Amino acid sequence: MTTIAVIGLGNMGGPMAANLVKAGHPVVGYDLMAESREQAKAAGVSVHGGAVTAVRDGDADIVITMLPAGKHVRAVWSELLPVAKRGALFIDCSTVDVDSARAVHDLAAKADIASLDAPVSGGTGGAKGAALTFMAGGTDEAFARGKPILAAMGKKIVHCGGAGAGQAAKICNNMILGISMIGVGEAFVLAEKLGLSHQALFDVASTSSGQCWSLTTYCPVPGPVPASPANNGYKPGFAADLMLKDLKLSQEAALSAGAITPLGAAAAQLYALFQAAGHGGEDFSGMINFLRGMAKEGRA
Ligand code: NAD
């Protein structure tokens, strides 16, 4: 069986490692936080005293990182590539900036180690239920090796292209999501002002040209889609903090690549305001309440 090291055993990495254990792999790992280490141990992960010892002494064939941001991934890969065994495959599943993703692919290539960027969508529920979608970037060979491992943690695994293509797909998708959620929220706020019921707008728009995921699967008002966070006090789900992180990444990438994304920029600004007003821990669909509040105060 392939031995897998998972570095970063937090809300996502912890349950992902647990699913690799369930699939029968020997899993070694490390996290800076004692609580995450304890939870991983309880799930059957062999937890080491540091990332280097996990990869080197654990004799890992595959190294998966699931870390907060690009700077963490750059630091951890720099530390681990020199101690990894020859023929190892490195996979970064964190959501990071495209430039960092490409930089760590370059580091791996220099160390003659295969690599993939493979960010995920599906959130903590998807991580627990092994139902994540993986968007992978890297060579065909690296993808062919990584796919069966990713399949133990997810339902859909898409090869998006070369180095950094997985991160590019992730931030483009989430830029659409951030913009569309604000659009749907604005439409419901306008409907309220016009005396149109939520259900009537939903019945029309969900089968008309306004149809989109933010409306039909994740409706930001309670009622029409019973499983959406709006029916549960806007508990995440997908926290506004994480949406803002992804929108900022999309804007960094747009600047770096020279793409014009004015609605992405506006969405990033609105989520930054939402966060500054203390709502970062709420589901990102709670933006609708913010839009109502702004209208009340005559600011929009
Ligand atoms: P998290 O903060 O729960 O976990 C990150 C873990 O990394 C923490 O436990 C932290 O202690 C650990 N860590 C940081 N530096 C380390 C180091 N040098 N060595 C070892 N461990 C280290 O975050 P999360 O929710 O698990 O998210 C992880 C990544 O997945 C992020 O990039 C996030 O954007 C992405 N993501 C999260 C979600 C979600 O719903 N939570 C969804 C999709 C993608």
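Summary of values
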| read-out | value |
| --- | --- |
| Sparsely packed trypsin sites (Lys or Arg not before Pro) within region 72-151, loop by DSSP, other Cβ within 10 Å at most 16 | 85, 86 |
| Prolate/oblate/rounded call for region 1-69, Cα gyration tensor, a/c under 1.5 rounded | rounded |
| Beta bridges by DSSP in the chain, antiparallel share as percent, to the nearest 5 | 15 percent |
| Pairs from 193/248; 22/245; 147/170 whose Cα-Cα separation, in the structure shown, is over 26 Å | 193/248; 22/245 |
| Overall form of the chain per C-alpha gyration tensor (a/c, 1.5; a/b vs b/c) | prolate |
| Expected 222 nm ellipticity per residue - DSSP helices of 4 or more, -39500 (n - 2.57), all of the chain, to 500 | -15500 deg cm²/dmol |
| Extension gain (nm, one decimal) between residue 109 and residue 206, 0.36 nm per residue minus Cα-Cα | 30.2 nm |
| Label-point separation in nm, residue 53 to residue 192, each point 7 Å along Cα→Cβ | 5.5 nm |
| Inter-centroid distance (Cα atoms) of region 45-116 relative to region 244-276, Å | 28 Å |
| Dipole magnitude (debye, nearest 20) for the chain, charges at Cβ of Lys, Arg, Asp, Glu | 220 debye |
| For region 1-159: rounded, prolate or oblate by the Cα gyration tensor [a/c cutoff 1.5] | rounded |
| Residue-count net charge about residue 93 - beta-carbon cut-off 13 Å; Lys, Arg +1, Asp, Glu -1 | -1 |
| Cβ charges +1 (Lys, Arg) and -1 (Asp, Glu), total dipole of region 59-156, debye | 280 debye |
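Since every read-out is calculated from the coordinates, none of them should be taken as a lab result. Remember, it's a predicted structure, so these values are computed and weren't measured experimentally. Positions of Cβ are backbone-derived with ideal geometry, glycine not excepted, and every protein chain shown enters the neighbour counts.
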